[in-house]
Every structure is written in C-alpha cells, then in structure tokens.
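Chemist: Below you will find the structure I want to go over with you.
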Amino acid sequence: MRPIYSNHKEKLSKLISGELSLIDNVSYFLKNIEKNNHLNTFNFVFEKEVLKQAEIIQDKIKNGTNGKLAGMVIGIKDVLSIKDKPTTCSSNTLKNFNAIYTATAVQKLIDEDAIIIGKTNCDEFAMGSSNENSAFGTVLNPNDNTRVAGGSSGGSAAAVSAGLCDAALGTDTGGSIRQPASFCGVYGLKPTYGRVSRYGLTAFASSFDSIGPFANSVNDLSIILEVISGKDEKDSTSADEPVTEYIKFDKKFEKIKIGVPKEYFGEGLDTEIETSIKNKINELREKEFEFVDITLPHTQYTIAAYYILTTAEASSNLARYDGTRFGHRTKEYRSLIDMYEKTRSEGFGKEVKRRIMLGTYVLSAGYYDAYYRKAQKVRRLIKDDFDKVFEKVDLILTPTTPTTAFLIGAKIDDPLTMYLNDIYTTSANLAGIPGINIPIGKDKNGLPIGMQLLANQFEEEKLLSTAQLINNII
Ligand code: GLN
C-alpha cells in the first residue's frame, strides 16, 4: 500500500499516534524497490540495516526523544559518502571503493533520525542530463519506461517519483536536481552555493556543485534543507548565513513580484510547456502575484560558459583517479605513465573522458585566455544580469527544461544536443543562486512538465514560501 501521508509532518504525527508503523513503512519501501528493480534507481540498498533502524527510531518516537526527520526514508545519490558504504559515483573507477567518512549533509540527516535506505544511481561523476552515462545502467522514467529520468541525479528523482522512498538527496552542478525533478514530476531544490556543506561530496566542478533534496512536497524540501544547511568547518566554502525555518508566510510575501525573462521563452521551447507555464502565470496573476517582463541579456552564453568552466574544474578534480592511492588500477603495465594511462582509459566512461579532454584543452597554455579566462568573465556578466534583475523583482520564473523527458537513446550520441537540455538550469549555478522545480502538470503523452523559480542568494525562505503558496493555488 502506498504511504498514506502527503508530507513528513503528517507521517510523523501518524507515527506518534501509532496509526502508522515505521517498520511496516520501511518494509513497504523495500518491497517496492524490489518490485521496481527494472527502473534501476538504486545502486545499493541497505536492506539489513534499515529495519533495525526503524525499530530504534520507532522507540525514540515512543519516548519522545526523536529528531526532526524521524522515520523519513531517504535515498542518497551515489556521489555522497557514507562511512563503510560504497561510493561509486556510478563509475567503474570507484566500483569497489568504500567511503572512509560520512558527508556532512548525510550525517545531519542521520543525526535527525532519518533512515538512509540506499545509494541512488546517477550519471558517472554527475556528468550528464539523462542518466545514460552510468556504469550501473540507465535509470528509467517511472512515468514512461521508454524515456529517460533525466540526470545526473536521475536515480534520486525516479526513486521519489516511483514511491521508493520519501525523499532523496541529489547534487546540482548545472541542473542535475531541477532537470530530473522536472522529468519525473517531483519537487527538487538546488540551494544557494555554499548553503550546504560539500564535505563528503565527490567533486565534479567545485565552484558549481550544490547538494539539495528531492521530495513530493515543498514542505519536505524545506525541512530537509533546514537540517542539511549551515556552516561546516570541513568545507571552507560553506556559508555562515543563519539557517531558518524555510516556509514562512509573512506579510511581506503577500505581494510577490516575479520576473519572467524573455530569453527563456524563445526558440527550442516545447509549445506545450510554454502554454502551460503561461496559463499558470495567468492563474497566479489573478491572485496576489505581480509579473513583470525582464531581460537576462547574457543568457545565450550560459551553456558555453558552463561547459568551459565545469570541464576545466572537472579535469583537475578527476586527476586524482590515477590508480595510485584508491579506486581502479589496471592489472598489467610497463611503467608509471603506462599505469596511469591504462587505469584511466579502463576506469572512465566516454562522457567523463570527453569532459577531461575538453577541460584540459581549455586550460592549456595558448588556449587559457581564449576559453577559460573569457568564460570566467562571462560568468561575472551572467551574475551581474541576475543582480540587476533582483533589484527589481523578488523571484524569477522560467521553464525548467525545454522539453519533457526524451526517449532513451535519443541524444546520447549527440553531446551538443544533450548539453542544450541544460539551457534553463546552468545559469543558476553560474550565478550561485537557488532554484526549485515545481511540477505543474502533464503533456499530451502524460509526461510531467516543470516550472522553475529562482531567487537571489540565500533567499531560500522567499523561494520555498512562494513555491508553497503557488502550490496551494495551482
Ligand atoms: N547536465 C549537466 C552536465 O552534464 C549538469 C550536471 C550536474 O548538474 N551535475 O554537466
């Protein structure tokens, strides 16, 4: 039986009243994971531990000593470390690697009595938009198994969408939470850069990577964010900004001004998505919301800047997988260089190799100024666009993706088309701002449509409160 609660608050009150048994609930999820094995959402499931944990947490609830997330069943993207558990990044390079410490974000969930049910599938090292670049195979979209779940956090999005857990953590470097959330029809939040500690997250592009939640409600995103946010001594880029309860309905949110950028509604946007978003805008206009047309003039450079800067950072971050200290090492080699070459050729998949080569190229002497330095300057201009707009509006509303979930195999041989799928999501990572995917309906094929809301840095409270208001209206 599918869980009979719509968010964690409700679940917890049912657990407290005894109406719901946590052991039954966890068993249900385990069975459902098995039943949906074909979706390929989990790389590892912690069957043995979770039932035991359910017992312990059930007791804590009984005694009133439980944490905020007591009994919430959460999947963790397989790029985040959990001590003594595999952290593979869906790569052959790390297929036999067990983590030696736990990521701060995961530890904070555990400390609040969440139950970690397993590690979710993703694109190798979080590089991809379709979850087809995984050593564990493609994740299938629960809404239509011939279509992709999106990427790179496809396993997390699909697991929440298929009811295999209450929530999941993913990571978003250029859209990897918002895009799969949109394709699978769930809520997904990319927090401000630095809001959540990256300690224990395998680095892809360190100045872009953010950890955030997937869930079936804005409420659950909000409570998870509250738990995982905050300054962490182990990550010097984590921000010392106050952590609050993120859903509040202050007077100040009653008249919210939302900017609609013209650059996000142009060529390439599926007409059904455009129409449903415009309809939502009209519905919201009739309520308290005010909409204004805005311009983000450097939008056309986002994909280029994103793929230059992130590949540069990736080529440097992935240099550590050379077979010397951990991870895969080739069996036979003649010299050290030969060992490095063979190890890396065998361990990495095609897309990861492509990014390492691109990144090495844009950083190399003679090309650095033309590509890397220029892209850094463009990043600044994109950030300036947002700064200017946020002087006038509270939030920005856009589509999350140009199309709904595409067919498996449709784009995998054409990297440029695949990269263009990130057209509306990469800007938030370039600017370091938070963004959320809100599911707003389905297209004629029954595939979920998503809408993206963006806020200024550290304005998650405004973002989540408004998402909740919108949710109550539409
Ligand atoms: N699809 C984008 C990429 O392949 C985003 C990935 C991500 O956010 N991790 O780079």
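The values are calculated or read from the model by the stated rules, or taken from the named source; none is laboratory data. Computed from a predicted model, the values in this text were never measured in an experiment. With ideal geometry, Cβ positions are generated from the backbone for all residues, glycine too; neighbour counts draw on all protein chains shown. Calculation scope for accessible area: heavy atoms of the full protein, side chains included, ligands and nucleic acids excluded. Shrake-Rupley method; radii C 1.70, N 1.55, O 1.52, S 1.80 Å.
Chemist: Looking only at the range 18-41, which residues are in a helix (DSSP H, G or I) and open to solvent by less than 80 Å² (accessible area, probe 1.4 Å)? Reasoning before the result, please.
Modeler: Here is the first cut: in the range 18-41, the residues in a helix (DSSP H, G or I) are 22-35, 37-39.
Within the range 18-41, L22, I23, N25, V26, S27, Y28, F29, L30, N32, I33, L39 qualify.
Chemist: Testing A215 on (1) away from the ligand (no atom under 16 Å from the Cβ); (2) open to solvent by 10 Å² or more (accessible area, probe 1.4 Å); (3) among the aliphatic types (A, V, I, L, M), one condition comes back false. Which one is that?
Modeler: (2)
Chemist: How do the pairs read when you match residues in the range 406-435 that are touching a residue at least 24 places away in the same chain (Cβ under 8 Å) and farther than 29 Å from L395 by Cα with residues anywhere that are away from the ligand (no atom under 11 Å from the Cβ) and of a type in the set (S, T, N, Q), using Cβ under 8 Å and keeping only pairs 6 or more apart or on different chains?
Modeler: Partner pairs satisfying both residue conditions: L407/T146; I408/T138; I408/T146; K411/T417.
Chemist: A follow-up question, please. Just to check your reading of the model, which residue among Y187, Y199 is more than 12 Å from the ligand (Cβ to nearest atom), of a type outside the set (A, V, I, L, M, F, W, C) and buried (at least 24 other Cβ atoms within 10 Å of the Cβ)?
Modeler: Values: Y199 fails: buried (at least 24 other Cβ atoms within 10 Å of the Cβ).
Result of the check over Y187, Y199: Y187.
Chemist: For the range 419-436, name all the residues that are more than 12 Å from the ligand (Cβ to nearest atom) and not in a helix (DSSP H, G or I).
Modeler: Correct list: G432, I433, P434, I436.
Chemist: Okay, moving on. Return yes when A410 is small (G, A, S) and over 25 Å from L381 (Cα atoms) and no when it is not. Step through it out loud before you land on a result.
Modeler: Values: small (G, A, S): yes; over 25 Å from L381 (Cα atoms): yes.
Yes: the conditions hold for A410.
Chemist: Would you be able to tell me the number of residues in the range 396-416 that are hydrophobic (A, V, I, L, M, F, W, C) and in contact with a helix residue (DSSP H, G or I) (Cβ under 6 Å, 6 or more places away or on another chain)?
Modeler: Restricting attention to the range 396-416, the residues satisfying the condition of being hydrophobic (A, V, I, L, M, F, W, C) are 396-397, 405-408, 410, 412, 416.
Remaining after also requiring in contact with a helix residue (DSSP H, G or I) (Cβ under 6 Å, 6 or more places away or on another chain): 405.
Residues meeting the conditions: 1.
Chemist: Please verify whether the range 307-320 includes one or more residues that are open to solvent by 40 Å² or more (accessible area, probe 1.4 Å), more than 21 Å from L463 (Cα to Cα), in a helix (DSSP H, G or I) and within 16 Å of the ligand (Cβ to nearest atom).
Modeler: We begin by selecting, within the range 307-320, every residue open to solvent by 40 Å² or more (accessible area, probe 1.4 Å); these are 316, 319-320.
When the remaining residues are screened for being more than 21 Å from L463 (Cα to Cα), the result is 316, 319-320.
Within this subset, residues satisfying the condition of being in a helix (DSSP H, G or I) are 316, 319-320.
Next, only the ones that are within 16 Å of the ligand (Cβ to nearest atom) stay: 316.
Checked the range 307-320: at least one residue is open to solvent by 40 Å² or more (accessible area, probe 1.4 Å), more than 21 Å from L463 (Cα to Cα), in a helix (DSSP H, G or I) and within 16 Å of the ligand (Cβ to nearest atom).
Chemist: If N96 meets every condition in (1) at pLDDT 95 or above; (2) at negative phi apart from one, which number is that one?
Modeler: With (1) at pLDDT 95 or above; (2) at negative phi applied to N96, the lone miss is (1).
Chemist: Of the residues that make up the range 103-118, is at least one under 26 Å from G441 (Cα atoms) and not in a strand (DSSP E or B)? Write out each step before concluding.
Modeler: As a first pass, look at the range 103-118 and keep what is under 26 Å from G441 (Cα atoms): none.
The answer is no, given that none of the residues of the range 103-118 is under 26 Å from G441 (Cα atoms) and not in a strand (DSSP E or B).
Chemist: Condition first: within 16 Å of I281 (Cα to Cα) and open to solvent by 10 Å² or more (accessible area, probe 1.4 Å). Now tell me which residues in the range 436-454 satisfy that.
Modeler: Here is the first cut: in the range 436-454, the ones within 16 Å of I281 (Cα to Cα) are 437-441, 449-454.
Residues satisfying the conditions are P439, I440, G441.
Chemist: Follow-up. Which one of the conditions (1) hydrophobic (A, V, I, L, M, F, W, C); (2) farther than 30 Å from D166 by Cβ; (3) at pLDDT below 95 does L296 fail to meet, given that it meets all the rest?
Modeler: (3)
Chemist: What single numbered condition from (1) in contact (Cβ under 8 Å) with a residue 40 or more places away in the chain; (2) over 21 Å from I423 (Cβ atoms) fails to hold for S153?
Modeler: The failed condition is (2).
Chemist: Can we say K383 is more than 22 Å from the chain's Cα centre (by Cα) and surrounded by 15 or more Cβ atoms within 10 Å (Cβ to Cβ)? Give the steps one after another, and end with the answer.
Modeler: Numbers: more than 22 Å from the chain's Cα centre (by Cα): no; surrounded by 15 or more Cβ atoms within 10 Å (Cβ to Cβ): yes.
The answer is no for K383.
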